[in-house]
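Take a look at the structure below.
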Amino acid sequence: MRIIEKRYFVVAILVLALTCSFSAPSAQAQAKLRIVATTSDMASLAEAVGGDRVEVNSIARGYQDPHFVEAKPSFLLLLRRADLLVVVGLQLEIGWLPPLITQSGNPRIQPAAGGYLDASQFAQILEVPTEVITRAMGDVHPFGNPHYWLDPGNGRRVAQGIAQKLSTMRPADAAYFQQRLQAFNDRLTQEERNWDAMMQPYRGRKVVTYHRSWPNFLNHFGLISAGEVEPRPGIPPTPSHTIELIGMMKRDSVKIILMEPYFDPKTPNSIARETGAQVVVLPPSVGGEKEITDYFTLFNYDLALLVKAFQATK
Ligand SMILES: [Zn+2]
């Protein structure tokens, strides 16, 4: 009997505690904003500025090709309850995201709604075509290069855009988001000094990349893109293009091939054998390796690998 009484007492206390926390009029009682980002990079930026006022989930994993993501039922569950969807845009996600948004049935995150944020509007976009390019031609970058997060300057711009959006959605927390944004910017400025110093000796070096994931990155660090293993973004290597690429690499002494972890290394390896170049597997996204836990460690990891490769291939 005494035990049962005790149990009732504990339950009563719990109920009381829960009631109090729910009825408290403070900002703490407001539920966290539920953010879904299409990629881990956007998620990392949203986490940086959103802090403990947001709950962030991402769809594509950092080791997956963000152009081609296999839809899973769990993505629908995430989208169904999202307050805000952050997308990379420029059609990066066009192969998989639109049906998920429709099927989610969530009016808040439909493309014209207030909970849909296309981060590309904040970034400096390279390779915006002057002529009309369609996906029918096989090109997966029809509106310009969608891998813009690989320039830290764009990370700064996107973080600011997200902070602005969060402040609009939760005006009471605007000062908090602003403070988080400031802390992110300060850290980025400090890291950028280190990164620029690391890359200073290698400015002007030429590299070949598998996919055109790296123009923003190469631009920022003063490196030069000499060509790609893909004949066009999204088109697998062809023998004739590979032969051309090998000829160019020999002529210009290009010794580095950057490859995203999700491509088949067969062609890059055979090009490397022909040219004496080194294949460097470089993750373009947060989570691409377990050490890459956020936007800062992404650059730390990739730049360390690059420096090592440059030192090995004078
Ligand atoms: Zn791409």
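The values are calculated or read from the model by the stated rules, or taken from the named source; none is laboratory data. Small disclaimer: the values here were computed from a predicted structure and weren't measured. No Cβ is skipped: glycine too gets one built from the backbone with ideal geometry, and neighbour counts run over all protein chains shown. The area values use the complete protein model at the heavy-atom level, side chains included, leaving out ligands, DNA and RNA. Shrake-Rupley method; radii C 1.70, N 1.55, O 1.52, S 1.80 Å.
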Check: Hey, what do the phi angles of the stretch 106-114 turn into as Karplus ³J(HN,Hα) couplings, whole Hz, using 6.51/-1.76/1.60 and θ = phi - 60°, x for Gly and Pro?
Finding: 8, x, 5, 10, 5, x, 8, 8, x
Notebook entry, point to check: Once both labels are modelled 7 Å past Cα along the beta-carbon direction, what's the GLU274-ILE235 spacing in nm?
Noted result: 1.7
Notebook entry, point to check: Is it possible to state the helix-based mean residue ellipticity at 222 nm for the chain, with each DSSP H run of 4+ residues giving -39500 (n - 2.57), the sum divided by total residues, to the nearest 500 deg cm²/dmol? What is it?
Noted result: -14500 deg cm²/dmol
Note to self: Please compute the contact order of the chain in relative form: average sequence separation of alpha-carbon pairs under 8 Å and at least six residues apart, divided by the residue count, as a percent.
What the structure shows: 16
Next item on the list: Any lysines with Cα under 23 Å of the LYS308 Cα? List them, leaving off those in the same chain fewer than 8 positions away.
Entry: LYS206, LYS250, LYS255, LYS266, LYS290
Check: Carbon and sulfur atoms: what percent of the 1.4 Å accessible area of the chain do they account for?
Finding: 56
Next item on the list: Can you tell me the dipole magnitude for the chain around its Cα centre, using point charges on the Cβ only (Lys, Arg +1; Asp, Glu -1), in Debye to the nearest 20?
Entry: 640
Next item on the list: State the Cα centre-to-centre distance between the stretch 193-247 and the stretch 86-122 in whole Å.
Entry: 29
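With every protein chain left in place, what is the accessible area per residue of the stretch 59-155 in square angstrom, probe 1.4 Å?
Value for the stretch 59-155: 44 Å² per residue.
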Check: Along the stretch 164-180, what does the Karplus equation 6.51 cos²θ - 1.76 cosθ + 1.60 (θ = phi - 60°) give for ³J(HN,Hα), rounded to whole Hz, x for Gly and Pro?
Finding: 4, 5, 4, 5, 5, 6, 10, x, 5, 9, 4, 5, 4, 5, 4, 5, 4
Check: Among ILE271, ILE243, ILE101, whose mean-square fluctuation peaks in a Gaussian network model of the chain (Cα, cutoff 10 Å)?
Finding: ILE243
